[in-house]
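Colleague: Starting off with a structure, shown below.
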């Protein structure tokens, strides 16, 4: 098992390396001289040359890539063009709201999606199944921000149940913190619930067609026992896999949701950075999100062995 | 056999009819079937695929797929109680406790995420109020009874850690732990190797005797019937066509269908036809080896020797059979010779060309001389292309014009006894046996010197199998082909082969004239293999001849 | 218990039942998802094509006197060509006094164009890469490493970053949405290639001497068509959404061009007072994406029943 973790950790290196190369090349493909941008409108040619030198921009591309990756490994993502600040510092300040939003969304999603998926599979072909599937197609189709505004309109403006926008840190008290996260979390979770409910239904349905389910019925088990003891456990691997893959969807949704609800997290930072053409920040955000995404999927891989005894490392 | 008049039957199927969904070629999957199974009796339900034998068995357990197959008439009485009228709850009480079932695929019939012990225990917790200790004792006891080594370890094992035979023993243990009065066995040995099959059949017989269980045994294999049955019911198209004591039905069948079925079972006696002594050697292999795996960077390097030092030869007009159980390496050898996989070392001589390491370019010129027919008739033809297009593909690859190629295809269709006008049809419009004939035609279109049949008749029903075997033999004779015949079925091998190579764990353990190998096997493994063949004491071919005469 | 015993029916049924199976076309016509999706989508396309005929005005014409009007307001309007007639703002106006109804109708053009072009582009590129890398071992390793790298970057994030590289415009947006979709198509095609090349009928083709390119075209390619059509509809739906998101965030197509995302971005500031600028384009967007998704689901169920398992 330990050997396997090491092996999988090593296997993420080429993936993240590939991400780094993409991100690096993207910056180099952009028009404009980063040194000129950093020097500002009033920068003299000498200042620009100085900055070029200090950033290593006169070195060959491969050397620059090496320097850049070396800096990232030391936690140095460079200077933000737009905020004129250390990018690493900038990101750290924005982590908490995003983490809070993502966590509540993830918990809410799993609590809702897996049960409705299982019920839909079990009630295959009935109106319950059709309702869950209809919800799932609708959930995929409604844009996150439209849903966000509909929820704000209904629950914050019409019946005043929640604050319209904004964020409060957990240090300001748990209830204010949670109160402001409820609507964003629901908004963000709808597409994710649609995805997980669908895969849960599909994989439980597939497992219900297996021979050992027939064996379980032949033993005289009740449908509930068959469903919970035999079907769900065997359906778990694809469900967990899609929960991992769906994190990408969640990250995309975070960007939009934070904009709609005015939450000062990494998503908002992304939009601000793109609007300000703040390439070092964009690079850093992509690297951070990709790293988190790859690591979560590594964790998912590791849980397989807990779920299925055939997978042993 | 028991006296039916004095003891009431355990299971009585009375005029059972099961409807098929609309849109099928017949209305009933099972049509007016009546069978009874007495105490301590094993009744075999025999039939080809689609005969309704499995549907009958599943009806008894109440496990028919809802909304697709519905019992519409008759009664199924278990100890006098009609299970067709039982509530769901009552059915659950009966299942696992009064009646149990074991299935064909021991690989898939057990839940892969639960230990074997837990799966047996589930039967006990569902149907009894025994405490933990009593349950454990009972599990170990039943594992002992099904003759599994080291019961505590078996109970703690997951299914994937056991062999196929061991899993089927677990299934039997699970089925019998509550001593049901009726055991339904649905082709329980079909997926197993012949030596394992022998052990499982013996176990079912032994345990049935000690527990006095009534057994309804579904099979397609008359060898198994001869081995295990007290009484036999033969099914065809949803109806029972003949029923009676095993001995009588097997030796003196009355109905033409039964006679045909029994007559189609290949005989165990080698044919012993005369052969041309000095025909030229078409194919020879020399120390052929194929090794799989061995060495990822992180994985433990575990190489598997699928084939080792295989040296065989086939002459023109002659059939060499390679027989062996699953994993013996027989298909690996066939696929190496057809160069679908690359051999690790050794030589493959086709006439005088060594093709073992031939480059793709050189290989292409040689390909047409070796053709192969596969096991699964449903996957061997591209479902999107007409059978004509499949047959002419080869000749046209080597520059033949379309008109000439189709001309050849038509004559080949006649050769394999299919309608030459059917070339523009698609594979799904043909039955399994017909598709296998089309595959033969496709292979012959290349005018090969060597024809490889890789389990080519294993997926076919026995009556169809007999026809395809006869066709292959006829073609070999007429075209003077060399044939390499891969099979796990010793009866089939005895019928078609001139020489036989027995493979075991990647090696050829015995190699010689068919008459010699079958008549006087030398190697221990060969003897064990022959001894395990079901119904070996029963010469079907001559029994049918007797019945017919 | 419902599906596991299905093979009982199969084995009990006859071989030629297959030949009596309804043709694919009949199945599609009978599938309510396909029909709903196709009809709604057809109407949207028709609407986009006929935008000038649907009693619209120039979607970019500004009228400072009639800013932020609620739906249904009427007034006598002077048009740019000098004519004057009674005009109803069916969906109200935005902060610049542009007619939201006309903008929504014209906006359909961009959304549909982006969806269709992205789907076709990513399928075509993914198909070629997937076919080739599925059959050429050494290339496969390199291609899959690159694809793994691309897939490790969350799709929308990558698209947002890509649009920031070049000048905002339709082409940039289309490319930025296409690139993150390609690895998924490559993986799909490759997995089909890998499974089909194990089929006995492909091995039979090899042993009758069919060359690799011909095997790919004749035996492998036809198996990719149905899954690709299905995948294409899902990509189309997601592309329409992503385009709207990019425009909404202000990083997509320039704000002068009427797109559903741009109309909503414009309506964000005054959403509390004038929700119509978000609601109307939002409804059109959601219905279009819903139609494409339902079309995809219906196609998947009829064309490729095995894919049900994947999602």
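Colleague: Given the convex hull of the Cα atoms of chain C, what is a quarter of its surface area in nm²?
Modeller: In nm², the orientation-averaged hull projection of chain C is 21.8.
Colleague: How far, in degrees from 0 to 90, does helix A:247-261 lean away from the longest principal axis of the Cα atoms of chain A, to the nearest 10?
Modeller: Approximately 70 degrees, to the nearest ten.
Colleague: 222 nm [θ] for chain C, helices only, -39500 (n - 2.57) per DSSP H run of 4+, per residue, to 500?
Modeller: Helices in chain C give a 222 nm mean residue ellipticity of -21000 deg cm²/dmol.
Colleague: While we're here: Averaging over every viewing direction, what projected area does the convex hull of the Cα atoms of region A:14-73 cover, in nm²?
Modeller: 4.3 nm²
Colleague: Follow-up. In the P(r) worked out for the protein assembly as shown, what percent of Cα pairs fall beyond 47 Å?
Modeller: Across the protein assembly as shown, Cα pairs with separations above 47 Å total 45 percent.
Colleague: How high is the relative contact order of chain C? Use alpha-carbon pairs under 8 Å, at least six apart in sequence, and give a whole percent.
Modeller: Result for chain C is 24 percent.
Colleague: Over region A:93-307, what is the relative contact order in percent, taking alpha-carbon pairs closer than 8 angstrom and at least six residues apart?
Modeller: That works out to 28 percent.
Colleague: Beyond 19 Å, what share of the Cα-Cα pairs of region A:123-191 remains, rounded to the nearest whole percent?
Modeller: 47 percent
Colleague: Here is a further query. When Rg is the radius of gyration of the Cα atoms in chain B and Rh is its Kirkwood radius, what does Rg/Rh come to?
Modeller: Answer for chain B: 1.00.
Colleague: Would you calculate the separation in nanometres between label points at residue C:24 and residue B:248, each defined as 7 Å from the Cα along the Cα-to-beta-carbon direction?
Modeller: Here the answer is 5.6 nm between the modelled labels.
Colleague: If you don't mind, there's one more thing I want to ask. Given points 7 Å out from each Cα along the Cα-Cβ axis, report the residue A:44 to residue C:211 separation in nanometres with one decimal.
Modeller: Rounded to a tenth, the inter-label distance reads 6.9 nm.
Colleague: Once each part is reduced to its C-alpha centroid, what is the distance from region B:353-378 to region A:228-246 in angstrom?
Modeller: Using only Cα atoms to place each centre, the spacing works out to 43 Å.
Colleague: Using Cβ counts within 10 Å as a stand-in for footprinting exposure, how do A:127, A:68 rank, fewest first?
Modeller: A:127, A:68
Colleague: So, one more: How much mean residue ellipticity at 222 nm does chain B get from its helices, if each DSSP H run of length 4 or more adds -39500 (n - 2.57) and you divide by all residues, to the nearest 500 deg cm²/dmol?
Modeller: The helix contribution divided over chain B gives -11000 deg cm²/dmol.
Colleague: Tell me the angle of helix B:164-176 to the major Cα principal axis of chain B, expressed in degrees between 0 and 90 and rounded to the nearest ten.
Modeller: Tilt of helix B:164-176: around 20 degrees.
Colleague: Something else now. Pick from A:227, A:57, A:106 the residue whose mean-square fluctuation is largest in a GNM of chain A, springs joining Cα atoms under 10 Å.
Modeller: Comparing A:227, A:57, A:106 in the GNM, the peak value goes to A:57.
Colleague: Could you work out the pair-distance distribution P(r) of region A:1-133 from its alpha-carbon pairs, with 10 angstrom bin width and percents rounded to whole numbers?
Modeller: Percent of Cα pairs in each bin: 9, 23, 24, 18, 14, 9, 4, 0.
Colleague: Just A:268, A:214, A:201 to compare: in a GNM of chain A, with alpha carbon springs under 10 Å, which one fluctuates most?
Modeller: Judging by the Gaussian network model, the answer is A:214.
Colleague: I've got another one for you. To the nearest 10 degrees, how steeply does helix A:174-208 sit against the main Cα axis of chain A, on a 0 to 90 scale?
Modeller: 50 degrees
Colleague: Pick from C:290, C:46, C:123: which is most flexible by mean-square fluctuation in a GNM of chain C where alpha carbon atoms under 10 Å apart are linked?
Modeller: C:46
Colleague: What distance in nm separates the two pseudo spin-label positions at residue B:255 and residue A:169, each 7 Å out from Cα along the beta-carbon direction?
Modeller: 8.5 nm
Colleague: Using the Cα atoms of chain A, I'd like the radius of gyration and the largest Cα-Cα distance, Dmax, both in angstrom.
Modeller: Values for chain A (Cα only, Rg and Dmax): 23.8, 86 Å.
Colleague: Right, next: Where the centre of each part is set by its Cα atoms, how far does region B:86-117 sit from region C:183-241, in angstrom?
Modeller: Using only Cα atoms to place each centre, the spacing works out to 40 Å.
Colleague: How crowded by other chains is C:161-168, given as the mean number of beta carbons from other chains within 10 Å of each beta carbon?
Modeller: 5
Read the figures in this text as sums done on the coordinates, not as results from a lab. Because the structure is predicted, anything quoted here is derived from the model rather than measured. Please note: Cβ atoms are built from the backbone with ideal geometry, for glycine as well, and neighbour counts cover all protein chains shown.
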